[in-house]
Amino acid sequence: MAGKPLQQLKRLDTTQLAYLAGFLDGDGSINAQIVKRPDYKLKFQIRFTVSFFQKTTRHWFLIQLQKQLKYGSLRKKPDGISEYTIVGRESVKHIIHLLKPYLRIKRRHAVLILQIIKQLEKNQEPQAFVKLCEEVDKFERLNDSKKRTITSAAVRSLFLELGLLSVPVETI
């Protein structure tokens, strides 16, 4: 399934990629967040998103963008803003990898999200997952977020409670 959108993305020329990166820099966001997932072994998931925002009167533009990129979903929010969101490790990785050379404001976001995705692919042991969650916490500062409630501290606390992590013992 990811093959077709990826092929479509690779057809974009440098002018199109630079335009999309500028749009993302100005009216978009790159984010990683920790989400509760009781059905998962580690009870949490790291969710990756790229979003573009536009006044709902220009919703048509986001529809065109979605047709061009072949990923994601659209929604009209009650506040008069439309949102085009791409969610998922592989799709976000593809988009960010192509746009990263052209990003200015969100370049640090792009580098960080690609690092987290790469590490997540390597290892999902509890200790390593907590370390990745600490990296995800950096998005709070990068995105000027005030609403994050699930942080690496919450993950660590639950892991200790469930016995997935052991409390380090200090020796004298």
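The values are calculated or read from the model by the stated rules, or taken from the named source; none is laboratory data. Quantities reported herein were computed from a predicted structural model and do not represent experimental measurements. Positions of Cβ are backbone-derived with ideal geometry, glycine not excepted, and every protein chain shown enters the neighbour counts. Surface accessibility is based on the protein's heavy atoms, side chains included, excluding ligands, DNA and RNA. Shrake-Rupley method; radii C 1.70, N 1.55, O 1.52, S 1.80 Å.
Counting only protein chains, not ligands or nucleic acids, how are LYS93, LYS106 ordered by accessible area (probe 1.4 Å), most first?
I get LYS93, LYS106, largest accessible area first.
Pairs LYS67/LYS93; LYS93/LYS146; LYS43/LYS67; LYS106/LYS146: which exceed 23 Å Cα-Cα?
LYS93/LYS146; LYS43/LYS67
So how strong a dipole does segment 60-172 carry about its Cα centre when Lys and Arg Cβ are +1 and Asp and Glu Cβ are -1, to the nearest 20 debye?
My answer is approximately 740 debye.
Tell me, what ³J(HN,Hα) does each residue in segment 147-153 have, in order and in whole Hz, if you take phi through Karplus 6.51 cos²θ - 1.76 cosθ + 1.60 with θ = phi - 60° and put x for Gly and Pro?
Result, ordered by residue: 10, 5, 10, 9, 10, 4, 5 Hz.
Please check: in the Gaussian network model of the chain (C-alpha springs, under 10 Å), which one of THR15, THR85, THR49 has the largest mean-square fluctuation.
Taking springs between Cα atoms under 10 Å, the residue moving most is THR15.
Give a residue-ordered list of calculated ³J(HN,Hα) values for segment 81-96 (Karplus: 6.51 cos²θ - 1.76 cosθ + 1.60, θ = phi - 60°; whole Hz; x for Gly, Pro).
For segment 81-96, the Karplus-derived couplings read 10, 9, 9, 10, 10, 10, 10, x, 4, 5, 5, 5, 4, 4, 4, 5 Hz, x marking Gly and Pro.
Across segment 28-40, in residue order, what do the Karplus-derived ³J(HN,Hα) couplings come to in whole Hz, using 6.51 cos²θ - 1.76 cosθ + 1.60 with θ = phi - 60° and x for Gly and Pro?
3J(HN,Hα) across segment 28-40, in whole Hz: x, 8, 10, 8, 10, 9, 8, 10, 5, 9, x, 7, 8.
Measuring from the lowest to the highest alpha carbon on each principal axis, how far does segment 100-154 reach, largest first, in angstroms?
Cα extents, longest axis first: 35, 28, 9 Å.
Given that compact globular proteins tend to follow 2.2 N^0.38 Å, what is the ratio of the alpha-carbon Rg of the chain to that value?
Taking N as the residue count of the chain, the ratio is 1.15.
Step through the table entries LYS100/LYS138; LYS55/LYS147; LYS55/LYS77, compare each Cα-Cα distance with 21 Å, and write down the pairs that go over it.
Violating the 21 Å limit, Cα to Cα: LYS55/LYS147.
Show the residues, 5+ positions off or on another chain, whose built amide H is closer than 5 Å to the amide H of PHE44.
For PHE44, whose amide H was placed from the backbone, the distant partners under 5 Å are ARG37.
Pull out the extension gain between GLN127 and LEU162, defined as 0.36 nm times the separation in residues minus the alpha carbon to alpha carbon distance; nm, one decimal.
The span from GLN127 to LEU162 would gain 11.3 nm if fully extended.
Among THR15, VAL35, ILE150, whose Cα projects farthest towards the positive end of the dipole of the chain, with charges put on the beta-carbon of Lys, Arg (+1) and Asp, Glu (-1)?
THR15
Where does each of 127-136, 65-74, 142-151, 158-167 land if you order them by average Cβ count within 10 Å, highest first?
127-136, 65-74, 158-167, 142-151
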